[in-house]
Amino acid sequence: MDNATRALSPTGDPFLLTPGPLTTSLTVKQAMLHDLGSRDTGFIALNARVRERLVEIIHGGGDFTCVPLQGSGTFSVEAMIGTFVPPDGRLLVLVNGAYGHRIVRMCGYARRDVVVEETPENVPCDPAALDRRLAADPAITHVVVVHCETTSGVLNPIAALGAVVAKHGRRLLIDSMSAFGALEVDARAIRFDAVVASSNKCLEGAPGMGFCLARTSALAACSGNSPSLSLDLYDQWVTMEKTAQWRFTPPVHCMLALDQAIEEFLAEGGVAGRGGRYRANCAILVEGLRALGFETLLADDIQAPIIVTVKMPADPRFDFPAFYDRLSAAGYVIYPGKLTVAASFRIGCIGRLGTAEMKGALGAIRAALSDMGGIDCRPG
Ligand SMILES: *Cc1c(COP(=O)(O)O)cnc(C)c1O
């Protein structure tokens, strides 16, 4: 397909309607056109500013600190588990998708005692089941929940789950990777010890680092817990507080991009503005897909405005790889499904995308369906 019929970002790249890496603004990409040393005073000031602003996003006041970490988001999740759950603790993982299962695997590597409370991928974690579980098992010290399970796009009720954890006097950890910046994680309203997210999802920075927003009093008690040097958030924090620098080579370009991305996030109106744009994206997408005859996996009241899971059409003429290739050639990259409950694919609403890109993607979908012979989009 030539460029006349192909949608392109200002840098000539396709739009990424995926769970990450995501489309970033031109100005975020331009912010990376520098080389800085780790001891550069400008970089040290930028590092401090980014850390402070990330704490402000959760209204963490004087009680929370930000510990940034090199690596993709998974590195920060694994760092949080290994740092906060002590070797003699027991972690309850609330599982309703692949990211919950991944945390269970991490516990194997870190040799942490782990138990699971599981709901199907299309069902949010259940506060009543959590309540019964904690009442029955006093050895559980920590509970971890995935805020938006990106496997399906389901929204888990972190406030209600947090209230149950607090009632039982246990400690809550949150993986808000795909929701942070678009959905509220309010430390004044939810009691938790740590939340992790990354530079590239709803904050729209460059991929390559994550961060943990940690209750300082809880983190201060975590010395010696981590089974890994590079993933020890306690050590990363102590070093950064003492020297204002990172342990090991800092991802300077990621930090430059994240600083600019946070500036743009604040200019858009913070969580309310960013979340509002994504909710509008999600509504356009869901409505447009249903109008074409597709069915979404989730009911609207449990759908987070992050990524939409679409059931695979039963029509034998529908060939997903060919569909994917046609959309990609038109400038829109979607994502395969990762569900066990149903054959599906996913379309993301996050990143530097708005009404024009969502409508453009729907137009490309409509054209692909008609090129494939007029597909009946109903699932089997
Ligand atoms: C994206 C994501 C992660 C981290 O994934 P990486 O590929 O390591 O960045 C973790 N948890 C959730 C819920 C996510 O959406």
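How far, in nm, would the chain grow between ASP376 and ARG279 when pulled straight, counting 0.36 nm per residue and subtracting the alpha carbon separation? Write down the numbers at each step before the final one.
Working: separation 97, 0.36 × 97 = 34.92 nm, distance 2.72 nm.
Computed gain between ASP376 and ARG279 is 32.2 nm.
Within the set LYS167/LYS338; LYS338/LYS359; LYS29/LYS359; LYS201/LYS359; LYS201/LYS242, which residue pairs have Cα atoms separated by over 32 Å?
Those over the limit are LYS167/LYS338.
Once both axes come from the Cα atoms, what is the angle between helix 355-371 and the longest principal axis of the chain, in degrees from 0 to 90, rounded to 10?
50
Calculate what fraction, in whole %, of the accessible area of the chain sits on carbon and sulfur atoms when a 1.4 Å probe is rolled over the protein chains. Display every interim value, and only then the final one.
Values: 8080 of 14920 Å².
The nonpolar share, carbon plus sulfur, comes to 54 percent.
Tell me the per residue accessible area of the stretch 35-267 using a 1.4 Å probe; a whole number in Å² is fine.
Details: 8540 Å² over 233 residues.
Result: 37 Å² per residue.
Return, for the Cα atoms of the stretch 35-267, the radius of gyration and Dmax in Å, separated by a comma.
Computed over the Cα atoms of the stretch 35-267, radius of gyration and Dmax are 16.8, 55 Å.
Set the Förster radius R0 to 30 Å, insert the Cβ-Cβ distance between ARG111 and ASP186 as r into 1/(1 + (r/R0)^6), and round the FRET efficiency to 0.05. The partial results should precede the final answer.
Values: r = 34 Å, r/R0 = 1.12.
E(calc), rounded to 0.05, equals 0.35.
So, by mean Cβ neighbours within 10 angstrom, what's the order for 166-176, 114-124, 193-203, 292-302 with the highest one leading?
Numbers: 166-176: 20.2, 114-124: 18.1, 193-203: 27.4, 292-302: 15.2.
By packing density, highest mean first, the sequence is 193-203, 166-176, 114-124, 292-302.
Any idea how far the Cα center of the stretch 74-136 sits from the one of the stretch 267-327, in Å?
Centre-to-centre (Cα) distance: 28 Å.
Test of understanding: extend the Cα→C-beta vector of GLU268 to 7 Å, then name every residue of the stretch 165-195 with backbone N under 20 Å from that spot.
What the label zone holds, given the 20 Å backbone N cut-off, is 176-186.
Spelling out what I want: for every residue of the stretch 206-213, take phi, set θ = phi - 60°, compute 6.51 cos²θ - 1.76 cosθ + 1.60 (Karplus), and round to whole Hz; glycine and proline get x.
Per residue, the Karplus-derived 3J(HN,Hα) values read 7, x, x, 8, x, 7, 10, 9 Hz.
Once you sort the root eigenvalues of the Cα gyration tensor of the stretch 1-96 as a ≥ b ≥ c, which label holds: rounded (a/c under 1.5), prolate (a/b larger than b/c) or oblate (the other case)?
On the way: a/c = 2.59, a/b = 1.44, b/c = 1.80.
Because a/c hits 1.5 or more and a/b fails to exceed b/c, the stretch 1-96 counts as oblate.
If one takes the longest principal axis of the Cα atoms in the chain, at what angle in degrees, from 0 to 90 and to the nearest 10, does the Cα axis of helix 158-167 lie?
30
Could you tell me what percent of the DSSP beta bridges with both partners in the chain are antiparallel, to the nearest 5? Mind showing how you got there, number by number?
Values: 24 of 44 bridges.
Around 55 percent of the beta bridges assigned by DSSP in the chain are antiparallel ones.
Enumerate the amide H contacts of VAL114 below 5 Å, restricted to partners 5 or more residues apart or on another chain; note that Pro and chain-start residues carry no placed amide H.
LEU91
Suppose each label sits 7 Å from its Cα in the direction of the beta carbon; what would the HIS34-LYS242 distance come out to in nanometres?
Using points 7 Å along Cα→Cβ, the separation is 2.8 nm.
Probe of 1.4 angstrom, ligands and nucleic acids ignored: what's the accessible area per residue over the stretch 282-380, in square angstrom?
Working: 4060 Å² over 99 residues.
On a per-residue basis, 41 Å².
Note down the net charge around GLY337, summing +1 for each Lys or Arg and -1 for each Asp or Glu among other residues with Cβ under 12 Å from its Cβ. Display every interim value, and only then the final one.
Values: positive: LYS311, LYS338, ARG346; negative: GLU121.
Charge balance near GLY337 sits at +2.
Quickly estimate the mean residue ellipticity at 222 nm for the chain, helices only: each DSSP H run with n ≥ 4 gives -39500 (n - 2.57), and the total goes over all residues, rounded to 500. Mind dumping the intermediate values first?
Working: 12 runs with 147 residues, N = 380.
Rounded to the nearest 500, it is -12000 deg cm²/dmol.
What is the packing order of peptides 102-112, 225-235, taking the mean over residues of other C-beta atoms within 10 Å and listing the highest first?
The peptides rank, most packed first, as 225-235, 102-112.
Take LEU26 and SER230, extend 7 Å from each Cα along the Cα→Cβ direction, and tell me the distance between the two endpoints in nm.
Output for this residue pair reads 3.7 nm.
The values are calculated or read from the model by the stated rules, or taken from the named source; none is laboratory data. Just so it is clear, the structure is predicted and the values come from calculations on it, not from any experiment. Counting neighbours? That spans all protein chains shown, and the Cβs are built from the backbone with ideal geometry, glycine included. Please note that ligands, DNA and RNA were not included when accessible areas were found on the heavy atoms of the full protein model with its side chains. Shrake-Rupley method; radii C 1.70, N 1.55, O 1.52, S 1.80 Å.
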